[in-house]
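Rule-based calculations on the coordinates, nothing more; no lab input. Being a predicted model, the structure only gives us computed values, none of them experimental. When we count neighbours, we look across all protein chains shown, and the Cβ atoms used for this are built from the backbone with ideal geometry, even at glycine.
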Amino acid sequence: MSELLERVAEFSKKAHEGQFDKGGHPYYLHPQCVANMGTTEDEKIVGYLHDVIEDTKYTIDDIKALGVNDRCIEAIKCLTHDKSIPYDEYVANIKKCELVRKVKMNDLKNNMDISRLKTVTPKDLERVEKYKKSYAFLEK
């Protein structure tokens with residue numbers, strides 16, 4: 001693991017400290033899993049950082065300070081869902097960049113794994129169906 005990737009992994013863990021996923025697990029395990037699915041260093045970096053802007057107090061400037069390259073910065077911005085943009089439009093924009101598309105597909109794969117949940121509700125199943133549609137769209 002490169003020094004940059006180590007810094008990014010530690011930053012992601014720190015950024016998500018105290019957060020838990022829907023299954024009650026430490027949230028940092030999700031970006032860690034997404035990063036581990038990446039096949040290039042950029043995919044791993046973006047995987048670790050894909051939820052930082054959306055779900056923590058940290059900013060793009062904090063991520064830049066880690067030494068993350070501009071390509072990854074732009075990918076992270078693209079993956080940060082502005083809630084004023086409809087979800088389908090957000091996913092369509094993701095498809096325009098290969099790096100972003102690959103990381104989002106890894107994110108969706110992990111999010112569709114309902115075995116992480118203690119109990120599965122109808123709302124969980126609806127969310128998984130939405131993710132399956134997005135995954136199929138991005139796969140084409």
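Out of segment 3-21, which residues are under 12 Å from VAL46 (Cα atoms) and free of Cβ contacts under 8 Å to residues at least 40 places away in the same chain?
ALA9
So ILE45 clears everything in (1) more than 18 Å from LEU5 (Cβ to Cβ); (2) in a helix (DSSP H, G or I) except one condition, right? Which one?
All conditions pass for ILE45, except number (1).
Hey, among LYS96, LYS104, LYS109, which residue is outside any helix (DSSP H, G or I), basic (Lys, Arg) and either free of Cβ contacts under 8 Å to residues at least 60 places away in the same chain or surrounded by 12 or more Cβ atoms within 10 Å (Cβ to Cβ) (or both)? Give the derivation first.
Values: LYS104 fails: outside any helix (DSSP H, G or I); LYS109 fails: outside any helix (DSSP H, G or I).
The match here is LYS96.
Could we say that ASN111 is touching a Phe, Trp or Tyr at 6+ places or on another chain (Cβ under 8 Å), closer than 22 Å to LEU29 by Cβ and not basic (Lys, Arg) here?
Working: touching a Phe, Trp or Tyr at 6+ places or on another chain (Cβ under 8 Å): yes; closer than 22 Å to LEU29 by Cβ: yes; not basic (Lys, Arg): yes.
Here the answer is yes, as ASN111 does meet what is asked.
Okay, residues lined up against (1) of a type outside the set (S, T, N, Q); (2) surrounded by 15 or more Cβ atoms within 10 Å (Cβ to Cβ); (3) more than 10 Å from VAL103 (Cβ to Cβ):
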residue	(1), (2), (3)
HIS16	yes, yes, yes
ALA35	yes, yes, no
THR39	no, no, yes
ASP42	yes, yes, no
VAL46	yes, yes, no
ASP51	yes, yes, yes
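For every residue, the table says whether it meets (1) in a loop (DSSP other than H, G, I, E, B); (2) free of Cβ contacts under 8 Å to residues at least 12 places away in the same chain; (3) surrounded by 11 or more Cβ atoms within 10 Å (Cβ to Cβ); (4) β-branched (Val, Ile, Thr).
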residue: SER115; (1), (2), (3), (4): no, yes, no, no
residue: LYS118; (1), (2), (3), (4): yes, no, no, no
residue: ASP124; (1), (2), (3), (4): no, no, yes, no
residue: VAL128; (1), (2), (3), (4): no, no, yes, yes
residue: TYR135; (1), (2), (3), (4): no, no, yes, no
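For segment 24-33, give me the residue count where each residue is surrounded by 16 or more Cβ atoms within 10 Å (Cβ to Cβ) and in contact (Cβ under 8 Å) with a residue 12 or more places away in the chain. Let's see the steps before the verdict.
Step one: list which residues in segment 24-33 are surrounded by 16 or more Cβ atoms within 10 Å (Cβ to Cβ), which gives 27-33.
Applying the additional criterion that residues be in contact (Cβ under 8 Å) with a residue 12 or more places away in the chain yields 27-28, 30-33.
Of the residues in segment 24-33, 6 are surrounded by 16 or more Cβ atoms within 10 Å (Cβ to Cβ) and in contact (Cβ under 8 Å) with a residue 12 or more places away in the chain.
Name every residue in segment 1-16 that is assigned to a loop (DSSP other than H, G, I, E, B) and under 17 Å from CYS33 (Cβ atoms), in order of residue number. So that I can check it myself, show each step before the final result.
Taking segment 1-16 as the starting set, the residues that turn out to be assigned to a loop (DSSP other than H, G, I, E, B) are 1-2, 16.
MET1, HIS16, listed by residue number.
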